[in-house]
Amino acid sequence: MGSDKQSSGLLDTLKMETVRTILTHSYPYPHEHSRHLVIAVFVGCLFFISSDNMHTLIQKLDSNVKWWSMYACLLGFFYFFSSPFIGKTFKPSYSNFSRWYIAWILVAALYHLPSFQSMGVDLRMNLSLFLTLFVSSILFLLVFHVIFLGLWYLGLVARVAGKRPEFLTIMQNCAVLSIACCVFYSHCGNLAVLREKTFDRRNSGWFSWWNKEEPHTWLAKLVGMTKLKDQVCKSWFAPVGSASDYPFLSKWVIYGELTCNGSCTESSNEISPLYSLWATFIGLYIANYVVERSSGWALSRPLSLKEFEKLKKKQTKPEFLDMVPWYSGTSADLFKTMFDLLVSVTLFVGRFDMRMMQAAMSRVEEGAKQEDLLYDQFSEKDGLWFDFMADTGDGGNSSYSVARLLAQPSLRLQVNGSMLTLPRGDMLLIGGDLAYPNPSSFTYEKRLFRPFEYALQPPMWYKEEHIAVSKPELPPEVDELRQYDGPQCFVIPGNHDWFDGLQTYMRYICHKSWLGGWFMPQKKSYFALELPNRWWVFGLDLALHCDIDIYQFKFFSELVRDKVGENDSVIIMTHEPNWLLDWYFNQKTGKNVTYLIRDHLKGRCRLRIAGDVHHYMRHSYVPSNKPVYVQHLLVNGCGGAFLHPTHVFKNFNEIYGTSYETKASYPTFEDSSRIALGNILKFRKKNWQFDVIGGMIYFMLVFSMFPQCHLDHILKDDTLSERLGTFFGTVWDAFMYMLGCSYVSAAGAILLLTIAIVFVPSKVSWKKRLLIGILHVSAHLAAALILMLLMELAVETCIRHNLLATSGYHTLYQWYRSVESEHFPDPTGLRARIEQWTFGLYPACIKYLMSGFDVPEVMAVTRNNICKNGMDSLSRGGAVPKEWKLDPNWDGESKEPSYLQRFPSKWRAKALHQDPVNTVRIIDHFVIEQKEKSDSGLSNGSFNQ
């Protein structure tokens, strides 16, 4: 018993379950170990760096303060651009591309800073080797997967192997594999290690590097780590055997670096440790993949307790969509929304209107008797509670929060020291914009119906795919609509619901009977509700006109004439609060709605409610002798969408000739101003995808001014203040040059100025609008010019220190090929055969991949060429000239025979860089030697008889 307890305690100490969790993976197939391999490679890299060069790194820290400060600035700069991606590893998908692209540029920039050598990291070798191994690994594994799927198709492996692997998974594994090989090569080299046949047991242990007799100081431990690193390289990662041990692979093996440094005439028999490590990783991947996919263990293995709890937690967590990235500029939904908006404005405004179709489909022509539009099931009740919301379906969390409150049987709140009970509404009114950014089956189901179904479940017999043909489809125990005592829902469409011509709205609102647990008897996009105690609700459909159509006006005007009494009260529900928006934009919309309220209702409209603007605000009329057409104006767009400011409407005070005052707002004017001011700093954190659009705008403003070749005067100043003064003076000169000489940039600035002025509220005077627009655009121009000059200065500084523009566009590839024969000899000509088999694609892909990676070098070389030779130095791909002009040199020649003229050709290319005389080059040169005289009778071309 004591022994069992002891072993149990040992297992608890080792935490085998934790070890197992680390070694396994949460993805469907455990062979996808990319995450753990990244951690292992990172730890290994730190170990190698600390064991090899930590003392050198510390020693050079003081002497290279300038370069270390440049490292700090560069890393800080890239952290600023990569910080929004932290915590967004997989969602949204485009954050992956942005994060890896920024990392790509960062490594390319670090590659050119010299002090990395002090850490024992040869980035030039590592980058070229990484890209080569990466491409090779991808090609190799793709061929393997094609063969494996072929075997599955022939029935030679298990049926569970038919699922195709994700390409991103292959790329991740290849990247980790290549990084591991590069780390090994940087610190262990490519020399084949001849291991002793026998090892001294005292020196062969894992921790033989530690000598107990040495003093226990950190310096001694640091020196000892170097011994451990050498033993790891010699023992743990040394190749098994030699090339002669593998006759079948002897002609395919990648040999290690020769012991005589490449000058030997004979091939080495030793396998490259780098090749051995790469082949081991590839072999492990293939073996693991084949075993799991062939046996089905990956699909049938038992789950651990922690895995089961994690899966259970995932199943009990709601799957809500994120908020719509309105400022991303990279969302396909937003591009579709813009397209739908253009089509809707062009097609559905004045050409085809679904409201006309609904009027034509009505069974009874007399408006006051249309059963499809008038509902009176609430009229006989003693009282009624109703809820109103609008602008749902932006984010799952926010929409569900509102829906959960609406679903509660009652809410108890403390108001002014006393408890107030608010019962659930008998009726829910939704004021449009049901799902963002565009109406589709996906957005309606995921952003609207799912949160409401989670908040209040629909009946058991409800089916998502069901289409209600004859409404109202009452529950089985109810005979007529008046007898149903559950909550009901009525919905009007908003402008976003009209982007597809109201098709999705008709399918999911007018032909569905349930929104979660709320019953929907509604049949058309507009309706009238007769409520208890002579109250009415008119739900108007404004479409994209911001007004009701003539058939809708006919229905409501006749309803007012025939059924609404003189002392009745009417609530007008619209999607858009045109009383606020018309005041803000200094315009007039909704003429038919205004005519209905003023000339037909004649003061019976007690309340107007609307959404569209995402805040809460209520205005009440100021008593006066003037007629009051509407007593209260209420906006409630807090249905789950993002928040709009309220302080911009604080000066609104009149409509229809009646004065109004603000009674309540959320957020308050003070909070709204504070939040809006905070957007200056918080906007990019919340809308980091907008960097794509901002970068395109800045590039459009300054691209025609690249490069700035004459920046010597900034670098020659002695003091910091002089350099800053010269720098900002150069910014001003560039600004004046842009306005006067750079037509493309000036046109972009004028376009941006026009947009900035248009976005200023029209309530502001035109002088203030012009001033605000100029200040706004000037700030963007200054930022774009400063960033451009900073980048130019950085490139110029690196060129001066021979860190950039030292060769050509393919510097990295050329350097790699120069050392390839020495460190990676190929005595069997394998590389030449691979190049022949791939029709030259293998070296070409690596060449241009390396060139595309080294963005700073390409920029510097292009900049140097333009600064020295002008724009004509840019390559045009060897285009044949198509435009010619008379050569003035030929025209001035004396009239001699043409073969004596210096300029015999009449026409030359209009562009000098395309002229054949200037672009001709030698592509081949060879000499054929004359055959020596023979002993036969042939001599000097004659034949003697």
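The values are calculated or read from the model by the stated rules, or taken from the named source; none is laboratory data. For clarity, every value in this text was computed on a predicted model and none was experimentally measured. Cβ sites come from the backbone with ideal geometry, for glycine too, and all protein chains shown count toward neighbours. Remember, those area values only see protein heavy atoms, side chains included, never the ligands or the DNA or RNA. Shrake-Rupley method; radii C 1.70, N 1.55, O 1.52, S 1.80 Å.
General observations
- Residue that is most open to solvent (accessible area, probe 1.4 Å), among those in the stretch 759-771 that are under 17 Å from Val648 (Cβ atoms) and either among the hydrophobic types (A, V, I, L, M, F, W, C) or assigned to a helix (DSSP H, G or I) (or both): Phe759
- Filter pass, Lys524 being among the charged types (D, E, K, R), under 22 Å from Ala359 (Cα atoms) and touching a Cys at 6+ places or on another chain (Cβ under 7 Å): yes
- Within the stretch 497-515, tally of residues that are out of contact with any helix residue (DSSP H, G or I) (no Cβ under 8 Å at 6 or more places or on another chain) and either assigned to a loop (DSSP other than H, G, I, E, B) or under 19 Å from Gly431 (Cβ atoms) (or both): 5
- Residue list for the stretch 558-567, restricted to those being open to solvent by less than 20 Å² (accessible area, probe 1.4 Å) and part of a helix (DSSP H, G or I): Leu559, Val560
- Candidates in the stretch 865-885 are the residues that are modelled with pLDDT of 70 or more and open to solvent by 70 Å² or more (accessible area, probe 1.4 Å); of these, the one that is farthest from the chain's Cα centre (by Cα) is Lys885.
- Counted residues, the stretch 725-749 - those being within 34 Å of the chain's Cα centre (by Cα), hydroxyl-bearing (Ser, Thr, Tyr) and surrounded by 13 or more Cβ atoms within 10 Å (Cβ to Cβ): 2
- Check on Tyr551, in a helix (DSSP H, G or I) and either in contact with an Asp or Glu (Cβ under 6 Å, 6 or more places away or on another chain) or within 18 Å of Thr392 (Cα to Cα) (or both): no
- Residue count for the stretch 628-649 under the criterion of being touching a helix residue (DSSP H, G or I) at 6+ places or on another chain (Cβ under 9 Å) and farther than 21 Å from Asp391 by Cβ: the result is 2.
- Any hit, the stretch 784-793, residues being assigned to a helix (DSSP H, G or I), charged (D, E, K, R) and surrounded by fewer than 13 Cβ atoms within 10 Å (Cβ to Cβ): no
- Selection status of Lys471, within 15 Å of Leu373 (Cβ to Cβ) and crowded, with 18+ Cβ neighbours inside 10 Å: no
- Of the set (1) assigned to a loop (DSSP other than H, G, I, E, B); (2) under 30 Å from Phe642 (Cβ atoms); (3) open to solvent by 10 Å² or more (accessible area, probe 1.4 Å), all apply to Arg450 but (1).
- One residue from Asn586, Asn578 being within 18 Å of Glu654 (Cβ to Cβ), surrounded by 22 or more Cβ atoms within 10 Å (Cβ to Cβ) and either modelled with pLDDT of 95 or more or not aliphatic (A, V, I, L, M) (or both): Asn578
- Asp718 being farther than 22 Å from Val324 by Cα, open to solvent by 80 Å² or more (accessible area, probe 1.4 Å) and modelled with pLDDT under 90: yes
- Residues of the stretch 896-923 that turn out to be exposed (fewer than 11 other Cβ atoms within 10 Å of the Cβ) and modelled with pLDDT under 70, as a count: 2
- Tally of residues being open to solvent by 50 Å² or more (accessible area, probe 1.4 Å) and either out of contact with any Leu (no Cβ under 7 Å at 6 or more places or on another chain) or without any contact (Cβ under 8 Å) to a residue 12 or more places away in the chain (or both) across the stretch 428-447: 3
- Of all residues in the stretch 589-621, those satisfying the criterion of being open to solvent by less than 50 Å² (accessible area, probe 1.4 Å), of a type outside the set (Gly, Ala, Ser) and in a loop (DSSP other than H, G, I, E, B) are Thr589, Arg604, Asp612, Val613, His614, His615.
- Cβ separations smaller than 7 Å between residues 6+ apart or across chains give the following pairs from the stretch 713-735 residues that are within 17 Å of Glu796 (Cβ to Cβ) to residues that are open to solvent by 90 Å² or more (accessible area, probe 1.4 Å): Ile714/Arg723; Asp717/Arg723.
- Within the stretch 622-642, the set of residues being assigned to a loop (DSSP other than H, G, I, E, B) and either closer than 13 Å to His575 by Cα or not hydroxyl-bearing (Ser, Thr, Tyr) (or both) comprises Val622, Pro623, Asn625, Lys626, Pro627, Val628, Gly637, Cys638, Gly639, Gly640, Ala641, Phe642.
- If the condition is being aromatic (Phe, Trp, Tyr), at pLDDT 85 or above and either over 15 Å from Trp278 (Cβ atoms) or open to solvent by 80 Å² or more (accessible area, probe 1.4 Å) (or both), then the stretch 120-164 contributes only Phe140.
- Residue pairs whose Cβ atoms lie under 6 Å apart, sitting 6 or more positions apart in sequence or on different chains, and linking a residue in the stretch 670-682 that is more than 12 Å from Val648 (Cα to Cα) to a partner that is assigned to a helix (DSSP H, G or I) and open to solvent by less than 100 Å² (accessible area, probe 1.4 Å), do not occur here.
- Residues of the stretch 813-868 classified as within 30 Å of Leu110 (Cβ to Cβ) and assigned to a helix (DSSP H, G or I), total: 39
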